[in-house]
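All remarks here apply to the structure that follows.
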Amino acid sequence: MTLVVAEIGINHNGDLGIARQLIDLAHAAGCDAVKFQKRSVEIVYPPAVLATPRESPWGTTTGDQKRGLEFGRVEYDALDAHCRSLGLPWFASAWDLPSLAFLRPYDLPYNKVASAMLTYRPFLEAVAAERKETLLSTGMSSLSQVVTAMEVFRAARCPFVLLHAVSTYPTPDDMLNLRMLNTLRRLHPRVGYSGHEVSPLPSVIAAALGAEVIERHITLDRAMYGSDQAASLEGVALRWMVDAIRRVPGYLGDGIKTVSEAEAAVARKLRYFEAAA
């Protein structure tokens, strides 16, 4: 069965109540897990970037905005408790080594390497050393960079899934390039899709192409503040996508040509020439 991951990321806007609502939304839609993002702001972003002007609900600099979006131990403890009460697994993509260590006490089922981190070898080695099932997003990366990252995980004997991703938000339909799933499968048998488009349909197509993991951003309202909101699915679209993905195996069947009893009954009615003979 395809693993459907609802990417909450930072769409909670630093509000624990919104985060809980997004967890509930994913659970009601039938998602298999929810995912967040964890950063050490002062490590991930250079001081010059943090000091740049940027109006946001938290202040007037990029640093104010980035810090306002981050949850700490109290918030993650609350999210962990809420997910466990629902029986819904959760995990997060760490963007730096301290964040990876921060998440470790929760004994999460998966690790996730964001596209931005795929070329940072010290981080890849630390993730691979945990030997936890890992999702590797491949946006912004060449095939040679993907292969280099794969070598780290293979050397550590860490299981992983390659996720095709296009790192634009939202991604135009003509840039999705879902046939990349076939290209990635020639490198590694386990592939998935992390989509940033508006429509839920490409994720269903990706599942039909053999993606064993589908990851999509979710939101309460695409008009909310935040750079990822417009590339996210609201509740109705999320429920439609999950339902359609669950139907894909039935749609595809087993590829064996048979004539069912239901078909045979129709044949007896329509192939009157056989009866006449």
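The values are calculated or read from the model by the stated rules, or taken from the named source; none is laboratory data. Bear in mind that the values here come from a model prediction, so they are computed numbers and not experimental data. Positions of Cβ are generated from backbone atoms using ideal geometry, with glycine treated the same way; all protein chains shown enter the neighbour counts.
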Where a residue in the stretch 84-104 is farther than 21 Å from ASN11 by Cβ and modelled with pLDDT of 95 or more and its partner, wherever it lies, is among the small types (Gly, Ala, Ser) and in a strand (DSSP E or B), with Cβ under 9 Å and at least six apart: LEU100/ALA94; ALA101/ALA94
The lone exception for TYR169 - which of (1) part of a helix (DSSP H, G or I); (2) of a type outside the set (A, V, I, L, M, F, W, C); (3) under 18 Å from the mean Cα position of the chain (by Cα); (4) surrounded by fewer than 16 Cβ atoms within 10 Å (Cβ to Cβ) it fails: (1)
For THR52: the one exception among (1) of a type in the set (Val, Ile, Thr); (2) touching a residue at least 40 places away in the same chain (Cβ under 8 Å); (3) exposed (fewer than 15 other Cβ atoms within 10 Å of the Cβ): (2)
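Yes or no, residue by residue, for (1) acidic (Asp, Glu); (2) at pLDDT 95 or above; (3) assigned to a strand (DSSP E or B):
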| residue | (1), (2), (3) |
| --- | --- |
| GLY139 | no, yes, no |
| GLU151 | yes, yes, no |
| ARG157 | no, yes, no |
| LEU162 | no, yes, yes |
Options SER203, SER227, SER199: the member that is in a helix (DSSP H, G or I) and not basic (Lys, Arg): SER203
Within the stretch 180-196, tally of residues that are touching a residue at least 12 places away in the same chain (Cβ under 8 Å) and in a loop (DSSP other than H, G, I, E, B): 3
Strands (runs of 3 or more DSSP E) within the stretch 1-83 that include 1 or more residues within 18 Å of LEU103 (Cβ to Cβ), among the β-branched types (Val, Ile, Thr) and in contact with a helix residue (DSSP H, G or I) (Cβ under 9 Å, 6 or more places away or on another chain): 3-9, 33-38
Any pair with Cβ under 7 angstrom, 6 or more apart, that starts in the stretch 233-250 at a residue that is among the charged types (D, E, K, R) and ends at one that is outside any helix (DSSP H, G or I): GLU234/THR219; GLU234/ASP221; GLU234/ARG222
